[in-house]
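**Student:** Before anything else, here's the structure in question.
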Amino acid sequence: MEELLGITPLEAAAVAIATAGMYGALVMLVRLLGQRMLAGLSTFDLAAIIGIGSILGRAALGEAPRLVGGLVALATLAACQAAVGLVRTRGWGARAVTTRPILLMAGETVLERNLLRCHVVPSELATKLRQAGIRHPREVAIAVLEPSGTISVLRAGEPIDPLLLAGVDGAHLVPTELLAPTA
């Protein structure tokens, strides 16, 4: 029974190091691939997430997973998440860990280059527009891929406060007639 539950301190350290390493690699992968990796899960995304979880678990726990090893891995993941949460509160940390929101539509103009850069296909954007109740592209003020991977859609009509566009990559492309005057 002890063989199934317990691990040595050296094995615990190996699990913690492997888990932290895999967590760091995953954060870097998301950072490199962009927030699109976090967006609504398609079949392909779900397969990738399951595969990533399997790889992370195997790398962290090794050939013979044990209960204590799993608890060490779980605690390490929680500690990594807490550390990244603290780092994100610092200016440099936020820039290092969090991706910027990216403008996908400015008015009725679809920004093809940004779609390509974010790995968003036009049909995904069209889905989000329909979900927002958009019936025609002229009803769109902006569409933004958020750091969380979701796409936000603001309707044309009411002027947009420029503060809402602070930090949005491509905000300068929003037509001035869609913006509220600055005080």
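**Student:** Calculate how steeply helix 122-131 sits against the longest principal axis of the alpha-carbon atoms of the chain, using the helix alpha-carbon long axis, and give the answer as 0 to 90 degrees to the nearest 10.
**Tutor:** Roughly 80 degrees between the two axes.
**Student:** Using a 1.4 angstrom probe on heavy atoms only, work out the carbon and sulfur share of the accessible area of segment 140-183 in %. Provide the component values of the computation, followed by the final result.
**Tutor:** Values: 1510 of 2480 Å².
That fraction is 61 percent.
**Student:** Among (i) 11.8; (ii) 13.1; (iii) 9.9, which one is mean projected area of the Cα convex hull in nm² computed from these coordinates?
**Tutor:** It is the value labelled (ii).
**Student:** Dipole of the chain (Lys/Arg Cβ +1, Asp/Glu Cβ -1, origin at the Cα centre): which of GLY24, ALA166, SER148 lies farthest to the positive side?
**Tutor:** The residue sitting most towards the positive pole is ALA166.
**Student:** By how many nm would the segment from THR109 to ARG138 grow when fully extended, if each residue of separation counts as 0.36 nm and the alpha-carbon distance is taken off?
**Tutor:** 9.6 nm
**Student:** Turning to a different aspect of this structure: Return the calculated 222 nm mean residue ellipticity for the chain, to the nearest 500 deg cm²/dmol, obtained by summing -39500 (n - 2.57) across DSSP H runs with n ≥ 4 and dividing by the residue count.
**Tutor:** The helix-only estimate for the chain comes to -16000 deg cm²/dmol at 222 nm.
**Student:** Is the shape of segment 93-179 best called rounded, prolate or oblate, per the rule: a/c under 1.5 gives rounded, else a/b larger than b/c gives prolate, else oblate, with a ≥ b ≥ c the square roots of the Cα gyration tensor eigenvalues?
**Tutor:** On the way: a/c = 1.79, a/b = 1.20, b/c = 1.49.
Oblate is the answer for segment 93-179, as a/c is 1.5 or above yet b/c matches or exceeds a/b.
**Student:** Near the amide H of ASP169, under 5 Å away, which other amide H atoms are found, from residues 5 or more places off or on another chain, if H is placed in the peptide plane?
**Tutor:** So ASP169 has HN proximity to ILE102, LEU103.
**Student:** Through the Karplus equation 6.51 cos²θ - 1.76 cosθ + 1.60, θ set to phi - 60°, convert the phi angles of segment 81-89 into ³J(HN,Hα) values in whole Hz; use x for Gly and Pro.
**Tutor:** 4, 5, 5, 5, x, 5, 4, 5, 7
**Student:** Right, next: Can you list the HN-Hα couplings for segment 133-140, worked out from phi with the Karplus curve (6.51, -1.76, 1.60; θ = phi - 60°), rounded to whole Hz and with x for Gly and Pro?
**Tutor:** x, 6, 9, 8, x, 5, 7, 8
**Student:** Under a GNM of the chain (C-alpha, springs under 10 Å), which listed residue has the highest mean-square fluctuation: ALA166, ALA73, ALA141?
**Tutor:** ALA166
**Student:** Something else: Indicate, rounded to the nearest 5 percent, the antiparallel portion of the DSSP beta bridges found entirely in the chain.
**Tutor:** 85
**Student:** Still on this model: Pop the C-beta distance of THR176 and ALA126 into the FRET formula with R0 = 22 Å and round what comes out to the nearest 0.05.
**Tutor:** Step by step, r from the Cβ atoms, then E = 0.25.
**Student:** Another question, then. Name the GluC sites (Glu not before Pro) in segment 94-183 that are in a loop by DSSP and that have at most 16 other C-beta atoms within 10 Å, would you?
**Tutor:** Working: sites: GLU108, GLU112, GLU124, GLU139, GLU177; in loops: GLU108.
Loop-located and lightly packed - GLU108.
The values are calculated or read from the model by the stated rules, or taken from the named source; none is laboratory data. Fair warning: this is a prediction, and the values are worked out from it, not measured in the lab. All Cβ positions, glycine included, derive from the backbone under ideal geometry; neighbour counts span all protein chains shown. Quick note on the areas: whole protein, heavy atoms, side chains included, nothing else; ligands and nucleic acids left out. Shrake-Rupley method; radii C 1.70, N 1.55, O 1.52, S 1.80 Å.
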